[in-house]
1. So which trypsin sites (Lys or Arg not before Pro) in the stretch B:1-82 end up in coil per DSSP with only 12 or fewer other C-beta atoms within 10 Å?
2. Greater than 29 Å separation of Cα atoms is the criterion. Which listed pairs, A:LYS63/B:LYS201; B:LYS382/B:LYS501; B:LYS34/B:LYS112, meet it?
3. Cα to Cα, under 19 Å, and not fewer than 8 places away if on the same chain: which lysines meet these conditions relative to B:LYS443?
4. Which three numbers, in whole Å and largest first, are the semi-axes of the equivalent ellipsoid of chain A derived from its Cα gyration tensor as √(5λ)?
5. With a 10 Å radius around each residue's Cβ, average the other Cβ atoms per peptide and rank B:245-251, B:123-129, B:138-144, B:293-299, highest first.
6. In whole angstrom, how far apart do the alpha carbon centroids of the stretch B:461-515 and the stretch B:299-366 sit?
7. Longer than 29 Å from Cα to Cα, which of B:LYS341/B:LYS508; B:LYS121/B:LYS394; A:LYS37/B:LYS279; B:LYS30/B:LYS341 are they? Say none if no pair is.
8. For the stretch A:45-113, just run the numbers: alpha carbon Rg, then divide by 2.2 N^0.38 Å, N being how many residues it has.
Amino acid sequence: MASKKEKKEEKIRFSTLIIDGTKYRTLLTDKFKNRSKFQEKDPGMIKAFIPGTIVKVRARKGKRVKEGDLLMVLEAMKMRNVVASPVDGVIRKVHVKVLDIVSKNQLMIEIDHEENS
Amino acid sequence: MGLKSKSSDLRRRLRYARRGGGEKAIEKQKAIGKLTARERIISLLDPKSFHEYDLFVEHAGKDFDMDKKYLPGDGVITGTGMISGHPVCIYAQDFTVAGGSLGWMHAKKITKIMDHALKLKVPLIGINDSGGARIQEGVNSLAGYGEIFFRNTLASGVIPQISVILGPCAGGAVYSPALTDFVFTVNNITKMFITGPEVIKTVLGEEISMEDLGGARVHCETSGNAHFYAESEEECFSQIKQLVSFIPWNNVKKADRFPKKTPKTRQYKIDSVMPSDPKQPYDVRLLIKSVVDDSEFLEVQDLFAQNIVVGFARINGESVGIVANQPLVLAGVLDIDSSDKAARFIRFCDSFNIPLVTLVDLPGYLPGVDQEHSGVIRHGAKILYAYSEATVPKITLITRKAYGGGYIAMCSHHLRADFVFAWPTAEIAVMGPEGAANIIFRKEIFTAEDPDKVRKQKVNEYKEKFANPYVAAAYGYIDAVIEPEETRKMLIHALDISREKDITLPRKKHGIPPF
């Protein structure tokens, strides 16, 4: 039984995992393969911090905004969350409209942000 | 009325109450492959051992015309019985009665049998199959859940608590299983979640089936909420029986000793399992089977965090908890999930006087941004905490690699292992030869004419000097370097000699593990 199993294992396609410079032959889990890759944060990319429904949109393409200006209202878990601009800048794109349902981390608004404006 | 007629009156009442939700509801239950609550208890317990209590309890709902309704047993069956001669307290929610919904008296029946279990010091088995809170009873059904969770917590570490999810278990109800020691699931029957697919659809617009959201597979493989996966209720019950055979009734008893049996050495041979090259994978479960009695190993959470293997076996008749790195998956590294899985298992064994046998072969902790950002520091600390705190006999065997933090974490002498053995193939070092040589000989390598050649040379130098068990043995961190064939003999002796181990930790209310 064991020898059969072992023979089966020989047919398994192993991957390589490098730890401290050593290459190990091993299997990878789906969780490991699907792990989220690191991305540097761009403060001008406004993403939904919670899944919910858009109930108001103030942002318009080309509009100049200051840090703290109201961009939109996102209703989630029975709370109306104000989404304010985290930067000074010009709105490049608005991806959502009123009554849209957004999932967590969905990109909603892009702002070309101007430093020291 | 004479005794005879009173007796026949009793029998009539019993028959009436035992009908449960009636034929139609029972038919519906069966149509989806489920047994009834009563059938479940009967097939899990030893024949004729079940004794039921509180069959005549009536529900306490007053509003919404509930006072005009009769709910047999208020939707839950409670009682005591035996599993392979072990006494247990048991309850099973009856989905055929008001959807197994939890009202105040339903909860009272459960908490009463829980109190019994804790008082009598016998394991508690809860079979969950319920639509959730009985909305008509409002805040009283919430109170009922709270009373159950509180008792689950009090009983934790005193008596083994087993949850069997044979139907829906949604909303607040999920926290009772979450507080218990082992959660059993069955494919297509188990459904467990805080918020169901409908709420997720209306709030988030995401569509997902119940099975994909909280089925057996999901909880055994992905979330780690469950410990055992079965294809049918029958298979699930035989898993429970097997588990019960390995664990004691309570935290002052030891698990039953079984007749000694030798491993099936024809099928499981150490030398045919183990590759000598530390970079080559092998299935550590075969190694476990080659040293334990009858090669019988009950793996716990076999589908979750497969880079570590935990489970129960017997060595010379004595029940032991085995924790082993699995080089077959992710090279056997420790990471968030595997540390969490092992720590929980170690704490169970420690609470219930089950000695720990640790098999070490790992390159260290898993590197990665997602691991760091998800808290591998605090989660990785769980296994250190669990091993350090454990006072049961702790026996460790290092078969190949024991590098860096992984070496310390896997029940080293520094965490008070009683015995640490190593095979001649063991490598106890601060990191693998490649990494170490790159750091120590950085200058020589980078200034060399042929860096690759020098690197190779230095790696080999390091390997020869440090990639062995003898440096650690020279400091006394390894008690004995043993031949692989001696493994079982050494484990038996170490377990025998540790039987009366008795140490106490500093007095405290409780520790503060990195939850």
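1. Listed in order of number, the matching sites are B:LYS48, B:LYS62, B:LYS69.
2. Going by Cα-Cα distance, A:LYS63/B:LYS201 fall outside the 29 Å limit.
3. Partners found: B:LYS453, B:LYS456, B:LYS458, B:LYS463.
4. Taking √(5λ) for each eigenvalue gives 47, 19, 10 Å, largest first.
5. Top to bottom by mean Cβ count within 10 Å: B:123-129, B:245-251, B:293-299, B:138-144.
6. Rounded to whole Å, the Cα centres lie 15 Å apart.
7. In this structure, B:LYS30/B:LYS341 lie more than 29 Å apart at Cα.
8. Values: Rg = 10.9 Å, N = 69, 2.2 N^0.38 = 11.0 Å.
Cα Rg divided by the expected 2.2 N^0.38 Å: 0.99.
The numbers here are math on the coordinates, done by the rules we state, and not lab data. What you see is a predicted model, and the numbers here were worked out from it, not measured in a lab. Reconstructed Cβ throughout: ideal geometry from the backbone, glycine too, with neighbour counts over all protein chains shown.
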